1. Just the C-alpha atoms of the chain: what Rg/Rh do they give, with Rh taken as the Kirkwood radius?
2. How high is the FRET efficiency from R150 to A171, r the C-beta distance, R0 25 Å, rounded to 0.05?
3. Just to verify a number: what accessible area does M51 come out at with the full protein assembly present, 1.4 Å probe, Å² rounded to tens?
4. Mind checking which helices in the chain clear 30 Å along their axis (Cα) and have mean Kyte-Doolittle hydropathy of -1.0 or more, DSSP H runs only?
5. Please identify, among D169, D47, D138, the residue showing maximal mean-square fluctuation in a Gaussian network model of the chain using a 10 angstrom Cα cutoff.
6. Let me check against my output: what whole-number percent is the relative contact order of the chain, with C-alpha pairs under 8 Å and at least 6 apart?
7. Can you give me the Cα centroid spacing of the stretch 1-46 and the stretch 102-121 in angstrom?
8. Given R₀ = 30 Å, FRET efficiency for R106-S232 by Cβ-Cβ distance, to 0.05?
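The values are calculated or read from the model by the stated rules, or taken from the named source; none is laboratory data. It should be emphasised that the depicted structure is a prediction, and the values quoted were computed from it without experimental measurement. Neighbour counts run over all protein chains shown; Cβ positions are idealised from the backbone, glycine included. Just so you know, the surface numbers come from the protein's heavy atoms only, side chains and all, with ligands and any DNA or RNA stripped out. Shrake-Rupley method; radii C 1.70, N 1.55, O 1.52, S 1.80 Å.
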Amino acid sequence: MHMIDVNPTVWDRLLAVRQGRSCTCCGRWSADETGALDLYGPLARRDLGPMVVAQIGQSLDGRIATVTGDARDVSGPDGLAHLHRMRALVDGVVIGVRTALHDTPRLTVRLCEGPNPARIVIDPRGRLPDDAPLLARDGTRRIIVQAVDRPRPDGVEVIRLSDRDGMLDPAGILTALHATGLSSLMIEGGGITISRFLEAGLLTRLQVAIAPLLIGGGPQGLTMPSPTEKLSEAIRPETRAFSLGSDVVFDCALNADALAAREPLHARPARAVRS
Ligand SMILES: NC(=O)c1ccc[n+]([C@@H]2O[C@H](COP(=O)([O-])OP(=O)(O)OC[C@H]3O[C@@H](n4cnc5c(N)ncnc54)[C@H](OP(=O)(O)O)[C@@H]3O)[C@@H](O)[C@H]2O)c1
C-alpha cells in the first residue's frame, strides 16, 4: 500500500505538469510525496496523448448509494478531496444523465486549487432540465451528448450522435469529445456509464475508491452488460493501492498507455512538455 502526501509543493508541481511546464521526476521527494506524484502524475501528463480515467467511490460491500439513492457521502473526506484533485487535473468530466438528475452535481473543483474541467453529460433522450446546476454559466465549457434534436441553453455545446436502440457508441462519444479539444477525460459515474466505457475497452485507467462503511443494499458499483462467466477470463489489471487517509483507492492500469504513464516523465520522448 502506497501512502500519499499532497502538500502544496506537490500539488503545485502536478498543476505545472498539467500545463506542460514541468515533470514528475525531478526534485527531492519524500516517499509519501512520491506516492502522490505516482498517483496523480499520470492524470496530469499531456505528453502521452488522450487519456480516459474512470473513478468510482464505493463502500466495502461494493455499493455506490443506499436503497433510497442517498449517495452524497459514500466517500470519506479524503476520498472527496481525491475526486476534486482528479477533476482539477483532467480537461473534462463526463457523467450519465441519471447521476445528473439524481445528484444534481456541480462538477466543479472546490476542495483544492486548480481549474474547473469542462462538464459533460451523456443525455441521449434530452432529459436534463435547462436549469440543472452543472449547466450554470460560469466560464467553464458545458457539453451535452444527445441523440435527439433538443435545443439547449445559450453557451451549452451540443454533440448530436446517432443512437442504436437508445445506445450511443462509447467510442463515438470519445472521438467527438476529443475532437472538441478535450484530451484527458474523467468518467465520474454512475456505474452504467462507466461500465459501458469499460466494456468497450476504452478506459486507460480505472480508479475504485473504497470507503470503510457497509451499506447492505443499493446500486452496485460496476455491473457490465456482458459479464465474464469464467474467473479465468476476468479482467485482471495491473493495480496499485494508495491510502488516501479515510479511503483506499485502487488505481488500475487498463491498457499500454496507462503502463507507459507510470514511467517517469523524463524517460520518454516528450511531445508537449517544455524543458
Ligand atoms: N459513488 C460514486 O462514485 C457515484 C458517482 C456517480 C453516481 N453515483 C450514483 O449512481 C447512481 C446513478 O448511476 P447510474 O449507473 O444509475 O446511471 P448513470 O451512469 O449516471 O446514467 C446512465 C444513463 O446515462 C445515459 N447514458 C450513459 N451512457 C450512455 C450510452 N453509451 N448510450 C446511451 N445512453 C447513455 C443513459 O440515459 P437514459 O437513461 O436517458 O437512456 C443511461 O441510462 C445514482 O444513485 C448516483 O448517486 C455514485
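1. 0.95
2. Plugging the Cβ-Cβ distance into 1/(1 + (r/R0)^6) gives 0.60.
3. Accessible area of M51: about 10 Å².
4. The qualifying helices: there are none.
5. Result: D138 has the largest fluctuation of those listed.
6. 28 percent
7. 21 Å
8. My answer for the efficiency is 0.10.
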